[in-house]
Structure formats: structure tokens, C-alpha cells
Amino acid sequence: MKFLKALGVYLAADILCMFINITFAALQYPMFRMLCAVCTAGIMCVMTGNFALVSAAADAKTRRASGSGKSSGAAGAFCGILAVPALSWGTLLASMGGGSDFYRWYKIMNGAFLRVINFIEPDASSSELSTAEVMTMLPFAVIPAAVYLTVYIVKYSEK
């Protein structure tokens, strides 16, 4: 169940980020591009961090009430936050060889980092990507899950 909630939080944040990206698409000034990139990445981090706070508080409450040391579904929520960006990055890496043109879908699926991804490679074709560019995009697949894990561990370990 937490997997689906986490996936929903990630998708809601991504949709909000895409809305902001589309809103600011007409503004081509570098300052606005940078502001949009920071805002969308911040939205993703804040929404996943908030979900981690709520999950950790609920798990800590369950732990205290039941007396067991196990958390309920933290791994599932972590996997839910990691699912979309990690799978999309893996598919992008596989599509580099040719055949499919997944890069345009990768941009849509990772709306929080769209401005930065466009800075790395502005073309929408997978054939234009180099291995170095795809490897540069790897941290963006891990950032939401790292934020979730960090916030969850800090909040869950509070007494």
C-alpha cells in the first residue's frame, strides 16, 4: 500500500513540475530557466520529504504502540519513490543503441529535472545522446529516493 502512495506522491509532484515547466517555457532568459530548474527540483524534494516525514511518524507511532522494532512498509515506499526515475533511466540507457526513441518520454517522466536535462542534451532524440550525457543524468534518478530515505531515517530515529 505504501508503494502505491509513494508512487502517487511522486507522480503528483512530477505533474506539478511539468505544469511549472510548461508555464515558464516561453521565458527564454537564463535567469528564468535557472529559477524554474531550482523550483521544480525543490518541489520534488519537498513533496517526497513531506511524504517521508508523514510515513516515518506513522511508522514510529505503530512501533511504539505494538512494541515491535519493525517499520511498516518503509522499504515499499522507498521503492515507490525510486520506481519511475530508476526505470526510466534504465530504459533510456537501453534505448541509446538505437531502435526506440525514448528520450522524449524520459523528459516527460522526469519533469522535476526537465530544465537541467534539456541543458545536458536539448535534442529530443535518443540517438543524439552520448554515454557521458546519460551517466550525467543518473543522479537525477536517485535524488528523490535519497531525499525520502534521508528524511525518513532522521525522523524515524527521533525519540
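Residues in the stretch 102-128 that are exposed (fewer than 15 other Cβ atoms within 10 Å of the Cβ), in contact with a Phe, Trp or Tyr (Cβ under 8 Å, 6 or more places away or on another chain) and either in a helix (DSSP H, G or I) or hydrophobic (A, V, I, L, M, F, W, C) (or both): Ala124, Glu128.
Would you be able to say whether some residue in the stretch 85-93 is without any contact (Cβ under 8 Å) to a residue 12 or more places away in the chain, over 18 Å from Ala37 (Cβ atoms) and among the hydroxyl-bearing types (Ser, Thr, Tyr)? Step through it out loud before you land on a result.
From the stretch 85-93, those without any contact (Cβ under 8 Å) to a residue 12 or more places away in the chain are 87, 90; that's our starting set.
Narrowing the set further to residues that are over 18 Å from Ala37 (Cβ atoms) leaves 87, 90.
Among the residues that remain, those that are also among the hydroxyl-bearing types (Ser, Thr, Tyr) are: none.
No: the stretch 85-93 contains no residue that is without any contact (Cβ under 8 Å) to a residue 12 or more places away in the chain, over 18 Å from Ala37 (Cβ atoms) and among the hydroxyl-bearing types (Ser, Thr, Tyr).
Tell me, yes or no, whether the stretch 23-39 has at least one residue that is under 23 Å from Leu82 (Cβ atoms) and without any contact (Cβ under 8 Å) to a residue 40 or more places away in the chain. Don't jump to the end; show me each part of the working.
If we filter the stretch 23-39 for residues that are under 23 Å from Leu82 (Cβ atoms), which is where we start, we get 37-39.
With the extra rule that they be without any contact (Cβ under 8 Å) to a residue 40 or more places away in the chain, the set shrinks to 38-39.
The answer is yes, given that some residue of the stretch 23-39 is under 23 Å from Leu82 (Cβ atoms) and without any contact (Cβ under 8 Å) to a residue 40 or more places away in the chain.
Can you tell me which residue within the stretch 132-159, out of those that are assigned to a helix (DSSP H, G or I) and over 21 Å from the mean Cα position of the chain (by Cα), is farthest from Trp89 (Cα to Cα)? So, considering only residues that are assigned to a helix (DSSP H, G or I) and over 21 Å from the mean Cα position of the chain (by Cα), the one farthest from Trp89 (Cα to Cα) is Ser157.
Please determine whether any residue of the stretch 129-151 is among the charged types (D, E, K, R), in contact (Cβ under 8 Å) with a residue 40 or more places away in the chain, out of contact with any strand residue (DSSP E or B) (no Cβ under 7 Å at 6 or more places or on another chain) and surrounded by fewer than 20 Cβ atoms within 10 Å (Cβ to Cβ). Full working, then the answer.
If we filter the stretch 129-151 for residues that are among the charged types (D, E, K, R), which is where we start, we get 133.
Remaining after also requiring in contact (Cβ under 8 Å) with a residue 40 or more places away in the chain: none.
Within the stretch 129-151, none of the residues are among the charged types (D, E, K, R), in contact (Cβ under 8 Å) with a residue 40 or more places away in the chain, out of contact with any strand residue (DSSP E or B) (no Cβ under 7 Å at 6 or more places or on another chain) and surrounded by fewer than 20 Cβ atoms within 10 Å (Cβ to Cβ).
Exactly one residue out of Ser127, Ser88 is of a type in the set (S, T, N, Q) and under 21 Å from Cys17 (Cβ atoms): that is Ser88. Which of the residues belonging to the stretch 95-131 are of a type in the set (Val, Ile, Thr) and under 15 Å from Pro85 (Cα atoms)? Within the stretch 95-131, Ile108, Val116, Ile117 qualify. Scanning the stretch 17-34 for residues that are surrounded by fewer than 12 Cβ atoms within 10 Å (Cβ to Cβ), in a loop (DSSP other than H, G, I, E, B) and among the aromatic types (Phe, Trp, Tyr) turns up at least one hit. Within the stretch 66-81, one or more residues are surrounded by 18 or more Cβ atoms within 10 Å (Cβ to Cβ), touching a Phe, Trp or Tyr at 6+ places or on another chain (Cβ under 9 Å) and within 25 Å of Arg115 (Cβ to Cβ).
Taken together, the values in this text are just the output of simple stated rules run on the coordinates, not laboratory data. These numbers were taken from a predicted model, which means no experiment stands behind them. Ideal geometry is used to build each Cβ from the backbone, glycine not excepted, and the neighbour counts take in all protein chains shown.
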